[in-house]
Structures are given as C-alpha cells and as structure tokens.
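Reviewing the structure listed below.
The values are calculated or read from the model by the stated rules, or taken from the named source; none is laboratory data. The model shown is predicted, which means the values in this text are computed figures rather than measured ones. Cβ placement follows ideal geometry from the backbone for every residue including glycine, while neighbour counts extend to all protein chains displayed.
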Amino acid sequence: MLDIKLIRSNPDYVKEGLKKRNSKVGIDEILKLDEERRSLIAESEQIKSKQNADSKQIPILKKEGKDVSAIMSEMKQLAEKTKLLDVQVKEIDDKISAILLTIPNIPNEKVVYGESDEDNVEIRKYGEPRNFSFEPKPHWVIGEEKGILDPSAAGKVTGTRFTFYKGMGARLERAIMNFMMDVHSNEHGYTEVLPPYMVHRNSMIGTGQLPKFEDDAFKVYGTDFFLIPTAEVPVTNYHREEILDAKDLPIKYCAYSACFRAEAGSAGRDTRGLIRQHQFNKVELVKFADPKNSYEELESLTNDAEDILKKLDLPYRVVRLCSGDLGFTSAMTYDIEVWMPSYGKYVEISSCSNFETFQARRAGIKFKRNINDKPEFVHTLNGSGLAVGRTTAAILENFQQEDGSVTIPEALVKYMGTEKI
RNA sequence: GGAGAUGUACCCAAGUGGCUGAAGGGUCCGGAUUCGAAAUCCGGUAGGUCGGUUCUGCCGGCGCUAGGGUUCAAAUCCCUACAUCUCCGCCA
C-alpha cells in the first residue's frame, strides 16, 4: 500500500513511478476522495468538540437543579449530525482503501522499464552449464525410471499438479530441506521458524496476495482461512500490528513450509515434472530491516540464497526483474535462476525482493529508532532460499550420469547417507 | 465440540453511566542524599492514530481486545467476533 500522504503531496512522482508498470490506477480519484474526506472530518470534529464541551455541563447543571432538557435536545441533534457525517467518512474511507489496496508498489529507480521477462537484466552468473556426453533426460523421466517420483499416483489420489515422492526421491527432497535450513540458521544467522500453513484474510492482505489475487489462492472450505502460497505470508505477518525496536533490526527468519498455489492462468505450462505444482516445498528467508540499509540487506539476502546453489555446485545466474515482470508488491526483485538442462535455459528457483514499506504499511509493522521518536514503517524483504522441488529437479538433471544414476552433491551426502542414487 | 472465567497504557492493576484519557504500583527520566553506588525521598512523563496549524510547538477528533448497538453522555449497559486461562469431551 502506498502512503496516502505521499500521493497527496507528490501525485506526479507516484504517477510517474506507476507508469513504469503500465499501471493505470485512480490516483486522481483518490486525491478527490481524500479532499472530500478531510473536509468532512473537519466538519464532524468541530461538532464533536462542541458536543464534548457542552455535555460536560449537563451533570453540573443537573446538580444545580436546573432544567437540562433544552441542552439535551440540542445535543441529540448534534449527535445525529455527526453520526451522518461519520457514515459518509466511513464510506469514503472504504473507497479509498479499496483503491489503495489495488495499487502496486512503485518500482525502485534501478528497475528498468520492460514488458516481460525478456527484458530482465542479467547481473551475474555462476558456474557453467554442463556439457553432456550423452542425451540428458528431463527430471520427470529420471524420476519415473528410478521410481522416485510418481505424479500419476498423485493424479489418482488428488489430481493434476501433485506428485508423490518415493524412496530416495522423498529422501532427497527432505535432505535438501534440512540442508537449506541448517545453512541459513547456522551460517547465515536466520532464526528458524515453522509457521502455520493456513492464515486468515487479513494476513493475506498484509503481504499483498489479497484482495487482487484471490484466484491464485486456495480457500479452505467452511473457514475464513487460506492455504499459504508461501511462508512469506505467515512469517511477515508474525510482526503485524507491532512496533519493533530499531536495535533489533534487521530481524531475520528462515522458514520451511509447504506452499499451495492454484496456478490459475498457467494451464498448459510446465505440465510435467516438479516445476509447477499446486503443492510444493520451499525454504523462505524473511527480513525486517531499517529503511536506511534495506538494499544492502537485499544484496545479502540474495547472496544467502545463492550460497545454497554454490554449495550444491549448481550453475545459476541472477537477474534483476524489469518493471513488467516485477511482482505487485515489490519495489525491486532479483530472480535467481538455475540451469535446467531439460528446459535448455535458466529457470527461476528463487525470487528475492525488497518491498520497502509496501507490506509494512498494510500489515502495520513499525519500528522506533529511539523511545521518544515517532514510529516509522520498517522495510520488509524476502526471498526463497530456495524452492525445494525445483532444487530436486535441478540436481536430478544436472548430476545425472550416463549409466542412469545421479550423483549426490558433496554437501548433501551426509543428509542422504549415500553418494548416488 | 460443551461449561465457565478473563481481556484497561511498556508491565501489574483500580475503576458498573457524567469532574476518569483513565486511581495506585512498577518501569523510565530529572533532582536531593552519597566520594560513588544501592536503598530512601522529591518531582516529572505516559502509548498510538487521524485531522488542523501561525509547526522542532500548539489545538482538536478517535482511542480502555476488535466490530456493531443503546444513550444528551459508555472503560462502565447490550450484541457479535477474536484471543487467553480452567474444567469436561474428542484426538495425533
């Protein structure tokens, strides 16, 4: 959510920023409503001030034995008037916030204009895609041949875009999860969190999944809960409606969770394999940072995610998303893309973003520099550290051998208890 | 799922319709005492948010878990929701 005061005081800056996203939103309408709102508030508060002063007289006059019926009936009229005004203010408030909730974040100035992921800017590359001396198989073929991935059983039990992992496949997924959590909590200084997998509507609004993207989420029938699309939602909302202490910043959490996405609108894409599932595992990194150094925190968060790929010897590159590919809530995002032989290209495995105050304002997450200072909104950041299913896929594909086996990256051997599968 | 209790500021806590935006503690800040400190004593502040403004201040609205309602007037009465605790039931 953008700051209404920013829109009020500098509408051209806001419009300019949103133009990058080709977003046509009602800034002018907001300005009009805002003005209307403030004039109604002024009127209502003036009356209330009189009400408060005058009704204090009532008990005093009563005590003196005077007649208060005249003043009481006058107060009644005032009360009716303010009630009416307050209803109008509420209506306008609702309209304003409904619009505000659908306005995307303003991109950081470093974010270049672009239409699609084609225009993303490559920042750096690590490792080289392997030259296979044989025809490499896609991970879904490896998975089927080795009996470690079974999407058709999941189709029978649940439906499309679900997978059973089995035997060494299930163990590999679990090994990767544990490895990632250990690295982030032991080496990178994140506090481990295991969050709820369901959240209520306000949490989804807080991190920006709602109200605009309700079709992408799974709603739990008969409740007001949503299945989390990412641990970002519960973990960021962990500090909702709080005022944090500046000396505790940055606060850093890592969380494993299953993630649930309806994937509305991606019918026919990535239909095979682990790339696009309704349910997948992910380790998420979340930071609450001082606005003064949040972009440094974004760099280090991205590095923390990259470190996993380095330790696993997987080739990857980092791109900065252009405005057209940037998520609704983000001011700036680095995608980390791992080399996926079956796709013949780099595929997203992590998305690391700085939301600046966009989520903090929605979720009410503030901090104070000093005890007597006014609270300010924190900057929230997050990134996958990493998507586990896609990591499994990348390992199966990148480390497959001609004889059909898959060697296990050194760092995972102790978690797997074997050097190859 | 059933029954009951509770929800007041940073923490504890008083308060059943009007002079209570909130007693009293604690915390915190300043001072006295002391070589210094502890203890003690004196004094002071009370969070947040939305408006206005002649803007490092001042004025006003809201605000006693949240949302509604009754009333000229609500922390106080009524309704709903949520959370916490205790007991019962069920259960990994």
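Odds and ends about this structure:
- Flag for residue A:244 being out of contact with any Asp or Glu (no Cβ under 8 Å at 6 or more places or on another chain) and part of a loop (DSSP other than H, G, I, E, B): no
- Close contacts from region A:40-56, counting a first residue that is closer than 27 Å to residue A:67 by Cα and a second that is near RNA strand B (Cβ under 6 Å from one of its atoms) and assigned to a helix (DSSP H, G or I), with Cβ to Cβ under 6 Å and a gap of 6+ residues or different chains, come to A:55/A:75.
- Verdict on residue A:83 being within 12 Å of RNA strand B (Cβ to nearest atom), part of a helix (DSSP H, G or I), under 30 Å from residue A:326 (Cα atoms) and out of contact with any helix residue (DSSP H, G or I) (no Cβ under 8 Å at 6 or more places or on another chain): no
- Conditions (1) within 16 Å of RNA strand B (Cβ to nearest atom); (2) out of contact with any Pro (no Cβ under 6 Å at 6 or more places or on another chain): number failed by residue A:346: (1)
- When region A:1-12 is filtered for residues that are part of a helix (DSSP H, G or I) and either under 16 Å from residue A:36 (Cα atoms) or within 16 Å of RNA strand B (Cβ to nearest atom) (or both), the ones remaining, listed by number, are A:4, A:5, A:6, A:7, A:8, A:9, A:11.
- Which listed residue is touching a Cys at 6+ places or on another chain (Cβ under 9 Å), acidic (Asp, Glu), free of Cβ contacts under 8 Å to residues at least 40 places away in the same chain and assigned to a helix (DSSP H, G or I), from A:118, A:91: A:118
- Residue in region A:50-64 that is within 6 Å of RNA strand B (Cβ to nearest atom), assigned to a helix (DSSP H, G or I), within 44 Å of the chain's Cα centre (by Cα) and not basic (Lys, Arg) present: no
- Filter result for residue A:353 (surrounded by 19 or more Cβ atoms within 10 Å (Cβ to Cβ), without any contact (Cβ under 8 Å) to a residue 60 or more places away in the chain and small (Gly, Ala, Ser)): yes
- For the criterion of being exposed (fewer than 12 other Cβ atoms within 10 Å of the Cβ), among the hydroxyl-bearing types (Ser, Thr, Tyr), outside any helix (DSSP H, G or I) and more than 8 Å from RNA strand B (Cβ to nearest atom), residue A:133 passes.
- Of everything in region A:349-389 that is under 21 Å from residue A:97 (Cβ atoms) and hydroxyl-bearing (Ser, Thr, Tyr), the residue that is nearest to RNA strand B (Cβ to nearest atom) is A:357.
- Single residue of A:183, A:121, A:141 found to be surrounded by fewer than 18 Cβ atoms within 10 Å (Cβ to Cβ), at pLDDT 95 or above, under 23 Å from the mean Cα position of the chain (by Cα) and not charged (D, E, K, R): A:121
- Scope region A:291-315; condition of a type in the set (Asp, Glu) and either part of a helix (DSSP H, G or I) or buried (at least 18 other Cβ atoms within 10 Å of the Cβ) (or both); matching residues: A:296, A:297, A:299, A:304, A:306, A:307
- Where residue A:15 falls short, out of the listed (1) over 24 Å from residue A:379 (Cβ atoms); (2) part of a helix (DSSP H, G or I); (3) more than 10 Å from RNA strand B (Cβ to nearest atom); (4) among the basic types (Lys, Arg): (1)
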